[in-house]
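So the structure is just underneath, and the comments pick up after that.
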Amino acid sequence: MKELLRRLSLCPRVAWEILAASLLANLMSLGSSIYVILVLNRYVGYGFDGTLYTLTAGVLIASGLGFAFGEVRMRLAGVVSLAPDEELAEKTLATLSRARLNDLNRMPAGRHQEMLGALHHVQGAFDAANVSAILDAPFMVIFLLAMGLISPWLMLLTFVAVCVSAVLTLSGLRKGEEGGLNYQLENQNHRNFVGSAITGAETVRAFLAGEFIRRAWRAQVAGLASLRAVLDKRRAKNRLRMESVSTLLRVFIYAVGAMLAVAGDMSVGGLIGASILSSKVLQMTTSFLQAFEAARRGEQALERLAEFHAMPLEPLSGAALRQFSGRLEFRDVGFAYSGTASPLFESLNFTLAPGTVLCVTGLNGAGKSTFCKLASGILEPGRGQVLADGVDLRQLAPDWWRRQVLYMPQEPSFLNTSIRANITLADPDPDGPACQERLSQAVRAAALRRFLDATREGLDMPVLEGGRSLPLGIRRRIALARALMNPGKLVIFDDPTEGLDSEGCLAVYAILNALAKAGATIIVSTADVNILKGAAFILDMNQKPTPAYLPAPARAAQAEPKGGEA
């Protein structure tokens with residue numbers, strides 16, 4: 001309830017207006033009980049039609065006002081969560097988009113989706129209906145006092161039923177919570193498995209995985225059915241309990257009320273009115289407890305989100321050099337992934353002068369891609385510093401720095417939007433003529449035009465599944481064109497010719513030659529001998545724990561690669 005109270009405290013005037021609307025709505029809802037009592041006691045007893053007309057008109061007016069006040073309350077209750085939900089969504093989005101990659105990579109797979117689920121859970125827990133149900137609870141006293149005026153005994157019976165209902169509802173909700181979480185987890189695993197079978201359709205067919213999928217599917221479906229059966233049984237049991245409490249309350253109300261009516265202590269109209277009031281109290285109790293439990297789970301989701309939001313974010317501001325020359329220095333740099341027994345590398349010390357071409361080599365898993373990410377500032381070193389023109393990358397404004405880097409990752413990923421939008425992501429004016437000119441040049445340089453001309457939409461072709469549906473060579477061409485949109489002085493290409501045909505490789509060679517002639521500092525992770533021949537220095541990541549930084553001729557003399565010039 002702390003979160004609800006916090007939200008109400010943010011807009012106290014609206015909170016008081018909700019309470020006032022709730023009070024008026026509940027007072028108006030007393031009209032039906034009063035109507036029944038007066039009709040049975042006055043009209044039936046005396047038979048004067050004017051009394052019936054007056055009472056009917058009065059109860060219709062009360063019902064209309066009650067509906068109106070209820071609508072006002074619902075709209076006001078929606079206002080209470082509007083700003084907090086928006087703030088929470090912005091914080092979650094900021095964490096997803098700006099959390100330091102070192103920390104984000106430590107999160108277990110699927111945790112990002114869980115955070116989005118927690119966000120929606122919080123928003124649902126404090127929606128208008130739940131806020132209204134919780135704030136309605138204090139006004140149950142009005143109905144209990146009205147019953148007390150009719151008969152203290154019937155009020156006492158209703159109060160006992162409310163207490164029993166509260167115990168049963170909370171017990172049932174909390175028992176079902178664990179089962180519900182298990183079902184959600186298994187259902188998520190099943191959806192992930194089915195998704196992998198769909199995206200890996202080629203693997204399924206090529207390696208005869210159909211029987212394996214059928215066995216796994218049947219086992220998962222059987223497990224889900226078992227969990228769902230337990231949940232359904234618990235829900236049915238809870239529903240039966242509540243119906244039993246409601247039935248027993250009605251029975252005792254009529255039994256005790258009939259005795260009181262026979263004894264002359266209350267009227268038949270009072271008995272019927274008390275029954276209506278007791279049902280209303282029980283209904284409000286159930287609604288309150290369900291909303292209360294939803295709010296409790298919402299607060300648990302908030303705690304998980306708070307841990308997520310506590311992750312360090314990349315700064316929005318920082319230093320920006322007047323002009324970046326391309327000089328990059330690695331000073332005692334070391335890096336280790338979380339959970340590994342030893343560092344990937346350590347004590348890395350060297351300086352790249354402006355215009356230097358460095359090739360990074362090594363076996364799979366040696367750390368080539370990690371080094372490229374460190375050089376680009378996407379990852380931060382666990383120890384030491386990476387400096388651009390003498391300034392630590394951590395002190396530079398991220399937006400400014402990333403406009404200085406032409407970065408092509410080894411495994412390019414894309415957003416589910418058009419090819420055009422993916423290539424021009426970093427441009428502040430993607431629709432401007434200057435951007436369109438650079439886009440045309442980048443597409444031509446990356447040898448992407450032939451593919452685009454063969455598609456119906458061209459650059460407006462949608463990218464689906466993060467680009468996984470596109471051929472590897474086309475993904476790499478798009479990534480290459482995207483890198484060329486930055487007019488920076490530092491080029492970082494991670495295995496740029498992997499998966500490319502001869503036309504694509506020639507495009508990469510031409511781009512690297514042009515950038516080298518333009519004086520850019522180039523870092524290329526590669527095993528391509530044609531690119532290696534153009535290197536001034538080699539960084540051999542196979543040497544552990546400190547990679548070997550060698551002049552290219554020494555490396556060339558050892559390897560004696562064959563091939564044409566890049």
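Some notes on this structure:
- Of all residues in region 121-138 being surrounded by fewer than 17 Cβ atoms within 10 Å (Cβ to Cβ) and not aliphatic (A, V, I, L, M), the one that is nearest to LEU249 (Cα to Cα): PRO138
- Boolean, VAL39 is assigned to a helix (DSSP H, G or I), more than 51 Å from the chain's Cα centre (by Cα), among the aliphatic types (A, V, I, L, M) and surrounded by fewer than 14 Cβ atoms within 10 Å (Cβ to Cβ): no
- Test: ARG444 is out of contact with any Cys (no Cβ under 7 Å at 6 or more places or on another chain), in the same structural domain as SER469 (by TED's automatic domain parsing), over 28 Å from LYS368 (Cα atoms) and free of Cβ contacts under 8 Å to residues at least 12 places away in the same chain: yes
- Number of the exception - ALA320 against (1) at pLDDT 85 or above; (2) within 22 Å of CYS372 (Cβ to Cβ): (2)
- Meets criteria (part of a helix (DSSP H, G or I), touching a helix residue (DSSP H, G or I) at 6+ places or on another chain (Cβ under 6 Å), surrounded by 13 or more Cβ atoms within 10 Å (Cβ to Cβ) and not aliphatic (A, V, I, L, M)) for LYS280: yes
- Checked against the criteria, ARG468 does not count as free of Cβ contacts under 8 Å to residues at least 40 places away in the same chain and either crowded, with 16+ Cβ neighbours inside 10 Å or of a type in the set (Lys, Arg) (or both).
- The residue pairs whose first member lies in region 494-518 and is touching a residue at least 60 places away in the same chain (Cβ under 8 Å) and part of a loop (DSSP other than H, G, I, E, B), whose second member is small (Gly, Ala, Ser) and surrounded by 15 or more Cβ atoms within 10 Å (Cβ to Cβ), and whose beta carbons are closer than 6 Å, counting only pairs six or more residues apart or on different chains, are ASP495/SER525.
- ASP49 passes every criterion in (1) surrounded by fewer than 12 Cβ atoms within 10 Å (Cβ to Cβ); (2) within 42 Å of the chain's Cα centre (by Cα); (3) charged (D, E, K, R) apart from (2).
- Qualifying residue in region 81-99 (condition: over 23 Å from LEU316 (Cα atoms), in contact (Cβ under 8 Å) with a residue 12 or more places away in the chain and crowded, with 16+ Cβ neighbours inside 10 Å): yes
- Scope region 361-387; condition of a type in the set (Val, Ile, Thr) and closer than 16 Å to SER338 by Cα; matching residues: THR370
- Selected residue [under 32 Å from the mean Cα position of the chain (by Cα) and without any contact (Cβ under 8 Å) to a residue 12 or more places away in the chain] from PRO430, PRO381, PRO409: PRO430
The values are calculated or read from the model by the stated rules, or taken from the named source; none is laboratory data. Everything quoted here is computed from the prediction, not taken from an experiment. Backbone-built Cβ (ideal geometry, glycine too); neighbour counts: all protein chains shown.
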